[in-house]
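K.L.:
Dropping the structure in here first, questions after.
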Amino acid sequence: MLPLGDAVAALKQEEIAEGAAAAHSVARVEAPEAEAAADAPLGSAPPKGATKPRAAKPEAAKAESERADRAKPTAPAAKARDARELARDMLDPSLYRVGPRNTIEIQSDETFALIAKWAGTTPGRLRALNKLSRKENRGPGETLRVDLTKQSARKFESERIAYHQELRNDFFESFEIAGTEQRVVRKGDTLHSLTKGKRRVPTWLLNHYNPDVDFDALKPGKRVTIPRVEKKDS
């Protein structure tokens, strides 16, 4: 007969062994189901007892679809965006830079009053700086010196470019270019005669299509491109 202490120890060992065997038995029952789920081919039904993935609620799917539709640009918004992009393409910022000794080349649609405003000065000061009388003027293509003592060159350029960009934005909101025509300048032709009978074409638009043409001094035989402008459908 075993001593009392040895008997108690043997009894505890038997209880531990029985508990391990029970746990191993449970694991063997659960393991086949997990293995079956892992080995099941794609598209097959899940094994019995497996948890099915939750399907998206109809309300959530509908809300997601509505958000996607709202993110899509509407036709008017897309047209407005295209017009703005075209307007940007029609503007060359290099034409509006300040040159050496604070000189600029006057562009179409610019006046002494506008140039003075961008420079933070007065038309009279511009005339005095360029030694011009009150009756003298300078037009597109001519050089003008500006007084930038109260305004930085960068700020002057920024306001000047913004003005010309706005002209283009306004134009392309209402009109579109339907095509172009080639014309050969004849003796006596002017900018007005070349565009007579057509919807008014802005000078900046003509200059864009004819960067090497001086419309203030047209020469016979010169070929020019005239854009065909049409009003957009409302």
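Read-outs: derived from the displayed coordinates by stated rules, not from any lab. Computed from a prediction, not measured in an experiment: that's the story for all the values here. Reconstructed Cβ throughout: ideal geometry from the backbone, glycine too, with neighbour counts over all protein chains shown.
K.L.:
Suppose every K and R has +1 on its Cβ and every D and E has -1 on its Cβ; what is the size of the dipole of the range 87-171 about the Cα centre, in Debye to the nearest 20?
P.N.:
I would put it at about 540 debye.
K.L.:
Could you put His192, His208, His164 in order, starting from the residue whose Cβ has the fewest other Cβ atoms within 10 Å?
P.N.:
Starting with the residue having the fewest Cβ neighbours, the order is His192, His208, His164.
K.L.:
As a test of the definition: which semi-axes, in Å, follow for the range 119-168 when you take the square root of five times each eigenvalue of its alpha carbon gyration tensor? Largest first, please.
P.N.:
Values for the range 119-168, descending: 21, 15, 9 Å.
K.L.:
Related question: Give the order of Ser133, Ser108 when sorted by the count of other beta carbons within 10 angstrom, beginning with the fewest.
P.N.:
Ranked by crowding around the Cβ, least crowded first: Ser133, Ser108.
K.L.:
Under 1.5 on a/c is rounded, so check that first for the range 87-171, then, if it is not, pick prolate when a/b is larger than b/c and oblate when it is not; a ≥ b ≥ c are the square roots of the alpha carbon gyration tensor eigenvalues.
P.N.:
prolate
K.L.:
Dividing the Cα convex hull volume of the range 177-231 by residue count, how many Å³ per residue is that?
P.N.:
73 Å³
K.L.:
A further question on this structure: Please rank Tyr163, Tyr96, fewest neighbouring Cβ atoms within 10 Å first, as an exposure proxy.
P.N.:
Fewest to most other Cβ atoms nearby, the residues stand as Tyr163, Tyr96.
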